[in-house]
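Enquirer: Got a structure here, written out as structure tokens. Questions coming.
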Amino acid sequence: MKISFRFRPTPTSEATRLKRRRSLVLASVGIALLPLAWRGASCGHDFDFHLESWMEVVRQWHQGVLYPHWVASANYGAGEPRFVFYPPLSWMLGAFLGAILPWTWTPLTLTLIALLAMSASFFRMAREWIPEDNAALAACLYVLNPYILFVAYERTAYGELLAGVWMPLLVLYSLRKAPALPQLALVIAALWLTNAPGAVMGCYTLALIVLWTALAERRWSFIARATGAVTLGLSLSAFYLVPAVYEQRWVEITRAIAHGMRIEDSFLFEHTGEAFHDQVLHTASWIAVTLLAFTAIAAILSVRNRQGAPRPESETWGTTGPESHTSALIAAAVLIACLLLPFSDPLWRHAPELKFLQFPWRWLLVLSLIAAFLAGTALRGEARTRRAILLRALAILLLACAMSGLAWRSFWQPCDDEDNIRAQIATFNDTGFEGTDEYTASPADNGDILQHLPQVRVLREPDADQADSSIAENPEWRPNPSDAETAQIHIQRWNVEHISATIDSATPGFAVLRLMDYPAWRVQINGRPAARPRRDDGLMTIPIATGTSRIDVQYTATPDVWIGRAISLLAILILLAYFRTPAASRPLQQLS
């Protein structure tokens, strides 16, 4: 009786262990975020882009636009279709937080949510194959590794950070033996709706580990599940994906992989001669070397630990041990190591969508997960004594302090007078921001757009009054008195996705709006579709006749948008039908 009672935890002891695990994770995340809490927001590489997006979404919510497409503050008020192409979950979350919190608190809160969600999803994955205490320690390693803090502090790439929430669940639902097709589909959809580079890496990782495990265990149901989940997951996210893919022909999307943003420019320790690029690459390269070394050591220890060890039968560890899963993740780590080196360039060039990752070291997001999981499997059993528990907790807390110090000294980016949050709020409400090159409507040069343009001006020629970006990009606009005398302009409405104006002109001319032209705009003049001559700066130009011209411009859902919505709706109905069907009657139940 004593032996049986000793090894069967009471409800109180299990509750204590759960509280201990949660406290360790919370303490680790809290320590890692001390620099943000103490020094304020880090104005990293993508900080301006995300803050501007969040503020833009809040403004459009106030105007009644629930799902925005257009960023009016970009290109100094002329706008760009950023939200068509950038996945919605990160800017929706940032906007929600900014709507209920001060903007100065939003970056810290979003980062806190991301790290806590990452640790929770990793723990949910790791506990399937390793003891829960070890899974909690590995979850701490996942959020404390240098690449995650590099993303959070120096890059402030919030979309990529949130993609780290879904990666562990991708591994869990692709490799577990219990049916998980709808769960895996939801994770794939969430990845695509969070971060496109993360989703590309996730799909390639899924293909590799599923194929490896299926061959190792001779269970082809893994492949069937993954195939069905990818199909359903892409369909669920089709409302975003179909327009994002189809409308690339309407923008300068290839400018995202211009010089300095190409794969060949960012292999480990490459040099391009551009100081900022090379400095970032140098930091990322040393992080990669550190993670690769840690992964190799953890893999060796994990394999040694598993050799000859009995397969656990406890319910906590799931239905199988992690041997084949561990080998699949080791294989993925080896492939990632190869992708960081120049000899992998042909693969980058020919594999679909892989070149749009821009930086090979983005694969460190997946490597971080693999390293943490292998470290968890390398631990020999759970800590049973109070001393062992304290030593493990102390080691994690010391690591958290070390990583917090690294983030404080090396990753946290100071804000200058133009980057701080208050200055960006003022710029957002005044002139607007510089545009994003890859979202510039094609064919146009957003460097030709003048700053401080009036909302509408009337010109004698459609291509008059333009800048030349080869001389100076986005110079200040200077009014031409002769143009101002020819027309009277009355603006009835100037919302982000709906503009109405009346022009009384004594002579024929061209109304040039401070608005980037784009095929999704429906333009009418006096109730009829209007011709739209092209300008080098891409601004909307509408011919007007003598007399009164009533102009109405609305952002509309193009056919590709309706197709995407229809596919997503169908996928949702299929998913609901699946969950409403009794488990015994579900089709392909054994393959899911």
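Enquirer: Got a sec? Which of 334, 366 is in the same structural domain as residue 123 (by TED's automatic domain parsing), within 21 Å of the chain's Cα centre (by Cα) and modelled with pLDDT of 95 or more?
Expert: Selected residue: 366, the only one of 334, 366 that is in the same structural domain as residue 123 (by TED's automatic domain parsing), within 21 Å of the chain's Cα centre (by Cα) and modelled with pLDDT of 95 or more.
Enquirer: Among 405, 432, which is the only one that is more than 23 Å from the chain's Cα centre (by Cα) and either within 21 Å of residue 54 (Cβ to Cβ) or in contact (Cβ under 8 Å) with a residue 12 or more places away in the chain (or both)? Show your work before the answer.
Expert: Details: 405 fails: either within 21 Å of residue 54 (Cβ to Cβ) or in contact (Cβ under 8 Å) with a residue 12 or more places away in the chain (or both).
None of the others qualify; the one that does is 432.
Enquirer: Could you identify the single residue in 97, 89 that is aliphatic (A, V, I, L, M), within 16 Å of the chain's Cα centre (by Cα) and in a helix (DSSP H, G or I)?
Expert: Working: 97 fails: within 16 Å of the chain's Cα centre (by Cα).
Answer to the selection: 89.
Enquirer: Of the numbered conditions (1) touching a Leu at 6+ places or on another chain (Cβ under 6 Å); (2) surrounded by fewer than 20 Cβ atoms within 10 Å (Cβ to Cβ), residue 332 satisfies every one except a single condition; which is it?
Expert: All conditions are met except number (2).
Enquirer: Which of (1) assigned to a loop (DSSP other than H, G, I, E, B); (2) under 30 Å from residue 253 (Cβ atoms); (3) of a type in the set (A, V, I, L, M, F, W, C) does residue 83 not meet, given it meets every other one?
Expert: Result: residue 83 fails condition (1) only.
Enquirer: Can you tell me which of 385, 431 is in contact with a helix residue (DSSP H, G or I) (Cβ under 7 Å, 6 or more places away or on another chain) and modelled with pLDDT under 95?
Expert: On the way: 385 fails: in contact with a helix residue (DSSP H, G or I) (Cβ under 7 Å, 6 or more places away or on another chain).
When all the criteria are applied, what remains is 431.
Enquirer: I'd like the full set of residues that are of a type in the set (Gly, Ala, Ser) and either in a helix (DSSP H, G or I) or touching a Cys at 6+ places or on another chain (Cβ under 8 Å) (or both), limited to the stretch 268-290. Quick ask: steps written out before the conclusion?
Expert: Our first condition is that a residue be of a type in the set (Gly, Ala, Ser); within the stretch 268-290, this holds for 273, 275, 284-285, 288.
Result: 275, 284, 285, 288.
Enquirer: Does residue 199 satisfy the condition of being under 20 Å from residue 368 (Cα atoms) and assigned by TED's automatic domain parsing to the domain that holds residue 359?
Expert: Details: under 20 Å from residue 368 (Cα atoms): yes; assigned by TED's automatic domain parsing to the domain that holds residue 359: no.
No, not satisfied.
Enquirer: Further question on the same structure: Which members of the stretch 327-343 meet the condition of being in contact (Cβ under 8 Å) with a residue 60 or more places away in the chain and not aliphatic (A, V, I, L, M)? So that I can check it myself, show each step before the final result.
Expert: Step one: of the stretch 327-343, the residues in contact (Cβ under 8 Å) with a residue 60 or more places away in the chain are 327-329, 331-332, 335, 340-342.
Correct list: 327, 342.
Enquirer: From the list 132, 160, exactly one residue is among the acidic types (Asp, Glu), over 23 Å from residue 234 (Cα atoms) and in the same structural domain as residue 352 (by TED's automatic domain parsing). Which is it? Reasoning before the result, please.
Expert: Details: 160 fails: over 23 Å from residue 234 (Cα atoms).
Among 132, 160, only 132 is among the acidic types (Asp, Glu), over 23 Å from residue 234 (Cα atoms) and in the same structural domain as residue 352 (by TED's automatic domain parsing).
Enquirer: Cβ-Cβ under 7 Å, sequence separation 6+ or interchain: first residue in the stretch 487-505 and within 22 Å of residue 58 (Cα to Cα), partner among the aromatic types (Phe, Trp, Tyr) and not in a strand (DSSP E or B). Which pairs?
Expert: Going by the 7 Å Cβ cut-off, the qualifying pairs are 496/70; 497/70.
Enquirer: I'd like the residue in the stretch 500-517 that is within 17 Å of residue 531 (Cβ to Cβ) and among the β-branched types (Val, Ile, Thr) and, out of all such residues, is surrounded by the most Cβ atoms within 10 Å (Cβ to Cβ).
Expert: The qualifying residue surrounded by the most Cβ atoms within 10 Å (Cβ to Cβ) is 512.
Enquirer: Look at the stretch 506-520 and say how many of its residues are of a type outside the set (A, V, I, L, M) and assigned to a strand (DSSP E or B).
Expert: Kept after step one, since they are of a type outside the set (A, V, I, L, M), are these residues of the stretch 506-520: 507-510, 514, 517-519.
Going one step further and asking which of them are assigned to a strand (DSSP E or B), we end up with 509-510, 514.
Qualifying residue count for the region: 3.
Enquirer: Identify all residues within the stretch 92-107 that are surrounded by 21 or more Cβ atoms within 10 Å (Cβ to Cβ) and either touching a Gly at 6+ places or on another chain (Cβ under 8 Å) or modelled with pLDDT under 95 (or both); write none if there are none.
Expert: The one that is surrounded by 21 or more Cβ atoms within 10 Å (Cβ to Cβ) and either touching a Gly at 6+ places or on another chain (Cβ under 8 Å) or modelled with pLDDT under 95 (or both): 106.
Enquirer: May I pose another question? Can you find a residue that is surrounded by fewer than 16 Cβ atoms within 10 Å (Cβ to Cβ), over 27 Å from residue 519 (Cβ atoms) and not assigned by TED's automatic domain parsing to the domain that holds residue 548 anywhere in the stretch 434-451?
Expert: no
Enquirer: Which count do you get for residues in the stretch 250-264 that are charged (D, E, K, R), under 22 Å from the mean Cα position of the chain (by Cα) and in a helix (DSSP H, G or I)? Steps first, answer last, please.
Expert: As a first pass, look at the stretch 250-264 and keep what is charged (D, E, K, R): 252, 255, 262, 264.
Remaining after also requiring under 22 Å from the mean Cα position of the chain (by Cα): 252, 255, 262.
When the remaining residues are screened for being in a helix (DSSP H, G or I), the result is 255.
Count: 1.
Enquirer: Mind checking which residues of the stretch 211-234 are in contact (Cβ under 8 Å) with a residue 60 or more places away in the chain and surrounded by 23 or more Cβ atoms within 10 Å (Cβ to Cβ)? If you could, list the steps in order and put the result at the bottom.
Expert: Of all residues in the stretch 211-234, those in contact (Cβ under 8 Å) with a residue 60 or more places away in the chain come to 212-213, 216-217, 221, 224-225, 228, 232.
Passing the criteria: only 225.
Enquirer: Identify all residues within the stretch 521-566 that are part of a helix (DSSP H, G or I) and either among the hydrophobic types (A, V, I, L, M, F, W, C) or touching a Ser or Thr at 6+ places or on another chain (Cβ under 8 Å) (or both); write none if there are none. Before the answer, list the steps.
Expert: First, pick out the residues of the stretch 521-566 that are part of a helix (DSSP H, G or I): 559-566.
If the condition is that a residue be part of a helix (DSSP H, G or I) and either among the hydrophobic types (A, V, I, L, M, F, W, C) or touching a Ser or Thr at 6+ places or on another chain (Cβ under 8 Å) (or both), then 561, 562, 563, 566 are the ones that fit.
Enquirer: Within the group 396, 389, which residue is assigned to a helix (DSSP H, G or I), assigned by TED's automatic domain parsing to the domain that holds residue 146, within 22 Å of residue 25 (Cα to Cα) and touching a Leu at 6+ places or on another chain (Cβ under 9 Å)?
Expert: Working: 389 fails: touching a Leu at 6+ places or on another chain (Cβ under 9 Å).
None of the other options fit; the residue is 396.
Enquirer: Which of the helices (runs of 4 or more DSSP H) found entirely inside the stretch 108-200 contain at least 1 residues meeting this: at pLDDT below 95 and farther than 28 Å from residue 353 by Cβ? Walk me through it before giving the result.
Expert: On the way: elements: 132-144, 146-149, 158-175, 181-192.
Passing ranges, in order: 132-144.
Enquirer: Does any residue in the stretch 89-104 that is over 17 Å from residue 42 (Cβ atoms) come within less than 8 Å, Cβ to Cβ, of a residue that is of a type in the set (Val, Ile, Thr) and crowded, with 20+ Cβ neighbours inside 10 Å six or more places away or on a different chain, and which pairs are these?
Expert: Close Cβ pairs (under 8 Å, with a partner that is of a type in the set (Val, Ile, Thr) and crowded, with 20+ Cβ neighbours inside 10 Å) amount to 89/194; 91/57; 92/57; 95/57.
Enquirer: Here's something else I'd like to know. Residue 293 fails exactly one of the following numbered conditions: (1) under 30 Å from residue 375 (Cβ atoms); (2) in contact (Cβ under 8 Å) with a residue 24 or more places away in the chain; (3) among the aliphatic types (A, V, I, L, M); (4) assigned to a helix (DSSP H, G or I). What is the number of that condition?
Expert: Going through the list (1) under 30 Å from residue 375 (Cβ atoms); (2) in contact (Cβ under 8 Å) with a residue 24 or more places away in the chain; (3) among the aliphatic types (A, V, I, L, M); (4) assigned to a helix (DSSP H, G or I), residue 293 breaks only (2).
The values are calculated or read from the model by the stated rules, or taken from the named source; none is laboratory data. The shown structure was predicted, so the numbers you read here are calculated from the model rather than taken from an experiment. When we count neighbours, we look across all protein chains shown, and the Cβ atoms used for this are built from the backbone with ideal geometry, even at glycine.
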